[in-house]
1. Starting from the Cα-Cα distance between H23 and N65, subtract it from 0.36 nm times their residue separation and give me the gain in nm to one decimal.
2. By how many degrees, between 0 and 90 and to the nearest 10, does the Cα long axis of helix 116-139 differ from the longest principal axis of the chain?
3. How far is helix 48-74 tilted, in degrees, relative to the longest principal axis of the Cα atoms in the chain, given as a value from 0 to 90 rounded to the nearest 10?
4. Do any trypsin sites (Lys or Arg not before Pro) in the stretch 1-78 lie in a loop, going by DSSP, with at most 11 other beta-carbon atoms within 10 Å of their beta carbon, and if so which?
5. Could you give the nm distance between label points at K38 and T137, where each point is 7 Å from its Cα heading toward the beta carbon?
6. Placing unit charges on C-beta atoms (Lys and Arg positive, Asp and Glu negative, everything else neutral), compute the dipole magnitude of the chain about its Cα centre in debye, rounded to 20.
7. In the Gaussian network model of the chain, springs joining C-alpha atoms below 10 Å, which of F22, F45, F86 carries the largest mean-square fluctuation?
8. About its Cα centre, what dipole magnitude does the stretch 1-113 give when the only charges are +1 on Lys and Arg Cβ and -1 on Asp and Glu Cβ, stated in debye to the nearest 20?
Amino acid sequence: MARAKRQELVETALELFHREGFHATGIDRILATAGVAKMTLYHHFRSKDELILAALRLRDERFRNEFMRSIERKSDDPEQRLLAIFDVLAELFGSGESGGCPFINACAEYADPDSAIHRAAAEHKRMVLDYVCELATLAGARDAVCLARQLCILLDGVIVTAQVSGNADSARLARQVAVLIVREQLGSG
């Protein structure tokens, strides 16, 4: 029962933080939406920051697992998997998931790089970069780290563009640029 209440708090907080922002979402709003008492919150979390960290960990786990599975379902070919990054984003945006990236938002709201929240968000981005670097290495990129960084810059640009302008087509456009970058790095252009 206690585990279910904790999970409900984290799920509710994640949804509200994503939709309304971290600073703009108060504890009372989370409690009312989750239907739990303040005592329950403080039984599981010492502060709002701890709740934010738990919400970011949950989002990280869900997003990266689904992101990687979706990419790997697209193709067995590492080069095609690099391009599938943008196909997966296009599908996400097509499903209405263009509310931005909670990790980018967390870094913006908690700009101090020493903040635990900023560090957790940056760690998520590092793990995505590591995954893309692994794909680039498997594809035989001349400089896998450079290629991964270039593709992650495109990836984050797509997410921000979709959030700011509502342009769900940004993933398709970024894929066209990714094709050029990947071909150049793999010597297949």
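Readers should treat all values here as calculations from the given coordinates under stated rules, not as data from a laboratory. Since the structure is predicted, the reported quantities are computational estimates derived from the model, not experimental observations. Ideal geometry is used to build each Cβ from the backbone, glycine not excepted, and the neighbour counts take in all protein chains shown.
1. Full-extension gain reported as 12.4 nm.
2. 30 degrees
3. The angle comes out at about 30 degrees.
4. Numbers: sites: R3, K5, R6, R19, R29, K38, R46, K48, R57, R59, R62, R64, R69, R73, K74; in loops: R46.
Answer in residue order: R46.
5. Result for the modelled spin labels: 5.0 nm.
6. 340 debye
7. F45
8. Numbers: 16 positive and 19 negative charges, 118 e Å.
About 560 debye.
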